[in-house]
Amino acid sequence: MTTLTNTTSGNVTTAKQTNNANSAFTVLRDWLTQGARVYRNAPISLTLTSLVLMIIGGLVQGLPAPYGMFASKWLSAGVITLLWPLTWHVLQNGKFSLRSLKQFSGYRYLPALGMLMMLPFASQVVFGALAFGAPGVDLVLYQDMTNFSRIHVASVLMASAPLGLLMSFIPAYVLIKQASLKTATVEGIKLAVRAIKPLSLLMLLNMALMFSVPYTFVLSAILVGPLLFCVNVVAFNYLISEDTQTKNNDNSAS
């Protein structure tokens, strides 16, 4: 038997684990339910903001390849992290506000954070080279899909998923917890490893969307992406709330 206790203050809903035996499916179901609730508070604002940030990151992709691709991935990896404080504000206050960005810090780390968050993209390049040789590299760097099936393209895109999973919470530690990039990397990976099972199920859900190639961008980035991002924010809140509860219990016991 598993139990999840939800504590609500105003529009704030925080999931706290009260039984270490919670199944990954139960935890993910709770994340999805609460993520959908967060998304419903500001669906248009979150979707449009996500789209604008992706467009900003994609503007430089028109530069000569492969430099344009690298620049685009770096810029996208940096600016898309701004969704963390914006969505966190929706979670905590039930409404969207661009002004909420002023409440957070850590923006000086964005250039370096963008470089770090490019590692999943690098894994696509490596996988493409190992699996398909030079054409695989051209697929990633030059978007050359000649002679590639939808499954092949999807497999290259999904190559970034495992590393992306481990790095899921690094931006949250930088922008929300105001940690240094080094601390955020260590703590973010530790948090992801601790919740590896439900996060893996969430990764599989993302991977399933990848098989919609060539419609991946429309489905996952525009329509489903913002919703799944809300799920990630809920997951982070869930896990750090669990840590706080554990520390409080330890202090009470001592």
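The values are calculated or read from the model by the stated rules, or taken from the named source; none is laboratory data. The model shown is predicted, which means the values in this text are computed figures rather than measured ones. Heads up, the Cβs are rebuilt from the backbone with ideal geometry, glycines too, and the neighbour counts pull from every protein chain shown. Surface areas here come from the heavy atoms of the whole protein model, side chains and all, with no ligands, DNA or RNA. Shrake-Rupley method; radii C 1.70, N 1.55, O 1.52, S 1.80 Å.
Between residue 71 and residue 23, how high is the FRET efficiency from 1/(1 + (r/R0)^6) when r is the Cβ-Cβ distance and R₀ = 41 Å? Nearest 0.05. Present the calculation step by step, with values, prior to reporting the outcome.
Details: r = 43 Å, r/R0 = 1.04.
The computed FRET efficiency comes out at 0.45.
With a 1.4 Å probe and all protein chains kept in place, how much accessible area does residue 189 have, in Å² rounded to the nearest 10?
Residue 189 has an accessible surface of roughly 60 Å² with all protein chains in place.
Can you give the extra length, in nm with one decimal, that the chain gains between residue 102 and residue 204 once fully stretched, where that is 0.36 nm per residue apart less the Cα-Cα distance?
Values: separation 102, 0.36 × 102 = 36.72 nm, distance 3.44 nm.
Additional length available on full extension: 33.3 nm.
Taking all protein chains in place and a 1.4 Å probe, what share, in percent, of the accessible surface of region 47-158 do carbon and sulfur account for?
69
Enumerate by residue number the trypsin sites (Lys or Arg not before Pro) in region 125-200 meeting two conditions: DSSP loop (anything except H, G, I, E, B), and at most 16 other Cβ atoms within 10 Å of the site's Cβ. Intermediate values should be presented prior to the final figure.
Details: sites: 150, 177, 182, 190, 194; in loops: 177.
Here the sparse-neighbourhood loop sites are 177.
7 Å from Cα along Cα→Cβ at both residue 134 and residue 55: what's the point-to-point distance in nm?
Simple spin-label model gives 3.8 nm for this pair.
For region 111-201, go through all pairs of different Cα atoms, get the mean of 1/r, take its inverse, and jot down that Kirkwood value in Å. It would help to have the intermediate numbers written out before the result.
Values: mean 1/r = 0.0702 Å⁻¹.
With all distinct Cα pairs of region 111-201 included, I get 14.2 Å.
Modelled label-to-label distance, residue 180 and residue 241, 7 Å Cα→beta-carbon offset: nm?
About 3.1 nm, to one decimal.
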